[in-house]
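First up is the structure itself, then whatever we jot down about it.
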Amino acid sequence: MTRWPWLGLFALALPAAIATAEPAAWRVTGRNGGEVTLLGSMHVLRASDHPLPASVDALLERADNIVMELDLDDVDPVSQQRLILGTALLAQGQALVDVLDPKLYRDLEQRSTELGVDLKLLNRFEPWFLAITLLDQGLRKFGFQGEYGLEQYVLQEAQRAHKEIVGLETLEFQIGIFDALPASSQQAMLAQTLAELDDAETAMAEMADAWRAGKLDELSDELLEDFDDFPGLYETLVTKRNDAWAGTLEGMLGDGRRHLVVVGALHLVGSDNLIELLRARGHEVERID
């Protein structure tokens with residue numbers, strides 16, 4: 001299994017390898033009829049992975065509104081690109097060749113050429129941005145694209161049904177997680193990405209099979225082990241965000257509406273996951289069959 005802990009935020013793929021199974025989902029019911037349904041998301045897909053399981057459509061139809069990590073309904077692509085590029089820039093006067101280990105820079109040059117990425121256009125950006133850019137290009141080589149991902153499907157269906165979409169956090173916050181990584185962690189992230197791109201298709205297929213079969217518990221050990229090389233990242237990427245989200249979702253239980261909450265599958269496994277946090281707050285959480 002590839003060792004990319006940031007995949008929970010950026011990209012997990014889901015081939016339709018187990019057509020008869022259904023993704024795992026959980027439901028919490030408030031005292032006055034308010035309802036929160038948790039569905040783990042995989043952020044990128046292939047065109048061949050569609051149609052998605054029927055349970056996804058059933059959950060969408062039941063929901064009064066949709067809750068995602070970001071409010072994708074209000075994202076302006078131009079503003080989004082401007083924000084990301086502005087945040088990811090190195091300090092004035094710096095370039096990648098100045099901040100990267102020489103061997104890592106040579107590996108980056110080789111990989112960029114293989115993926116058809118013009119490194120000259122990216123030479124002023126921080127290592128974390130290069131890691132995510134090359135990961136995106138590498139996944140596209142295997143057919144995995146965000147355009148086919150669960151969030152985009154949910155977004156399109158919600159818009160078609162005129163259902164409200166709300167976000168749990170902002171794009172600025174998510175980008176800030178990576179931008180705040182120490183230089184050593186950013187280099188490790190880039191080095192790991194370059195070394196393991198060739199294995200990405202197989203690794204994602206393994207995770208996708210477990211997701212599609214509704215067996216997120218099988219992902220737990222694999223995903224959590226991936227954080228060992230990045231001290232403190234699990235707390236930042238998962239624990240703190242889950243804690244903040246649990247409070248927000250608890251508030252939704254009191255409004256009498258039915259909320260479908262679509263978040264990365266990483267947030268529904270391991271310690272301090274959203275399901276256990278809601279149970280710890282005294283709510284009964286049931287697995288949807």
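The values are calculated or read from the model by the stated rules, or taken from the named source; none is laboratory data. Computed from a predicted model, the values in this text were never measured in an experiment. Positions of Cβ are backbone-derived with ideal geometry, glycine not excepted, and every protein chain shown enters the neighbour counts. What goes into the accessible areas is simple: the full protein's heavy atoms, side chains included, and nothing from ligands, DNA or RNA. Shrake-Rupley method; radii C 1.70, N 1.55, O 1.52, S 1.80 Å.
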Filtering segment 85-105 down to residues that are modelled with pLDDT of 90 or more and in a helix (DSSP H, G or I) yields G86, T87, A88, L96, V97, D98, V99, P102, K103, L104, Y105
Which of the residues that make up segment 244-257 are within 11 Å of V67 (Cβ to Cβ) and not hydrophobic (A, V, I, L, M, F, W, C)? T248, R257
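Each row is one residue, and each column tells you yes or no for (1) more than 15 Å from D198 (Cβ to Cβ); (2) modelled with pLDDT under 95; (3) among the polar types (S, T, N, Q).
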position	(1), (2), (3)
E109	yes, no, no
G116	yes, yes, no
F142	no, yes, no
E151	yes, yes, no
What residue, of D209, D255, is of a type outside the set (G, A, S), at pLDDT 80 or above and over 30 Å from Q110 (Cα atoms)? D255
Every residue from segment 228-240 that is open to solvent by less than 40 Å² (accessible area, probe 1.4 Å) and either modelled with pLDDT under 70 or under 17 Å from I132 (Cβ atoms) (or both): F230, L233, L237
Per-region count, segment 143-154, residues more than 17 Å from R62 (Cβ to Cβ) and either aliphatic (A, V, I, L, M) or in contact with a strand residue (DSSP E or B) (Cβ under 8 Å, 6 or more places away or on another chain) (or both): 6
Which one of H50, H43 is crowded, with 21+ Cβ neighbours inside 10 Å, closer than 22 Å to R160 by Cβ and at pLDDT 80 or above? H43
In segment 239-289, which residues are touching a residue at least 60 places away in the same chain (Cβ under 8 Å), among the hydrophobic types (A, V, I, L, M, F, W, C) and under 13 Å from V28 (Cβ atoms)? W245, L249, M252, L253, L260, V261, L268, L274, I275, L278, V285, I288
Does G116 satisfy being small (G, A, S), surrounded by fewer than 18 Cβ atoms within 10 Å (Cβ to Cβ) and touching a helix residue (DSSP H, G or I) at 6+ places or on another chain (Cβ under 8 Å)? yes
